[in-house]
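Let me begin by presenting the structure, written as structure tokens, before commenting on it.
Values quoted throughout were computed directly from the atomic coordinates according to the rules given, and no laboratory measurement underlies them. Since the structure is predicted, the reported quantities are computational estimates derived from the model, not experimental observations. Note that each Cβ is placed from the backbone with ideal geometry, even for glycine, and that neighbours are counted across all protein chains shown.
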Amino acid sequence: MYQWINGNSYMNQVTFYPTNITLNSTAASHFSNVRYVRIGIDPQKKKVAIMPVEKSVIERNCIPKEQLQKISIGKGYGRISNKAIMHQIYTTLHVDVDTRKYPATFDEENNLLEIDCTNEI
């Protein structure tokens, strides 16, 4: 009898690099209609959250502009490039950001992608 192996094609997965956060195609699909996101850090749970920010929210000035990060969506990936954010994640959460993959889940209720930095893939 075969034991089937789980793949990651349908798994939200995020890779941390010293200069950026890269989302796989599944994770990036939650951000296909936006150009900006907000990034939050939860030091107690060692989680990073990425929240899509719609253009109408930006135009109404509901979010301070200094909290906005640009997200680039390519074919099969998404990328948020910012060395300062990666340094802050590293120093606040004490997790390695040098080509490390972490699982993520999309919280529909709160409209954000949560990255679990306690469970490296």
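Taking trypsin sites (Lys or Arg not before Pro) across segment 1-89, the ones in a DSSP loop with at most 13 further Cβ atoms lying within 10 angstrom of their Cβ are K45, R60, K75.
Applying the criteria of a DSSP loop state and at most 14 other Cβ atoms within 10 Å to the chymotrypsin sites (Phe, Trp or Tyr not before Pro) of segment 1-75 yields Y2, W4, Y10. Residues considered: T15, T91, T105. Largest GNM mean-square fluctuation over the chain, using C-alpha springs under 10 Å, is found at T91.
With each label modelled as a point 7 angstrom along the Cα→C-beta vector, the R38-I63 pair spans 0.6 nm. With 0.36 nm allotted per residue and the present C-alpha distance subtracted, the T105-K70 stretch has 10.6 nm of extension available. Taking other C-beta atoms within 10 angstrom as a stand-in for reagent exposure, C117, C62 fall in the order C62, C117, fewest first.
Fully extending the segment from N6 to D116, taken as 0.36 nm per residue of separation minus the present Cα-Cα distance, adds 37.7 nm. Put simply, the C-alpha atoms of the chain give a gyration tensor, and the ellipsoid matching it has half-axes of 24, 18, 13 Å, longest first.
Between amide H atoms placed 1.01 Å from N, distances below 5 Å from N20 occur with N82, all of them 5 or more places distant or on a separate chain. Need the C-alpha centroid separation for segment 25-41 versus segment 53-121, integer Å. The distance from the Cα centre of segment 25-41 to that of segment 53-121 comes to 7 Å. Rounded to the nearest 10 degrees, the angle from helix 83-93 to the longest Cα principal axis of the chain is 60 degrees. Sparse packing (at most 16 other Cβ atoms within 10 Å of the Cβ) combined with a DSSP loop state is found for the following GluC sites (Glu not before Pro) in segment 46-94: E54.
Of the residues Q13, Q88, Q44, the one that moves most in a GNM of the chain with alpha-carbon contacts below 10 Å is Q44.
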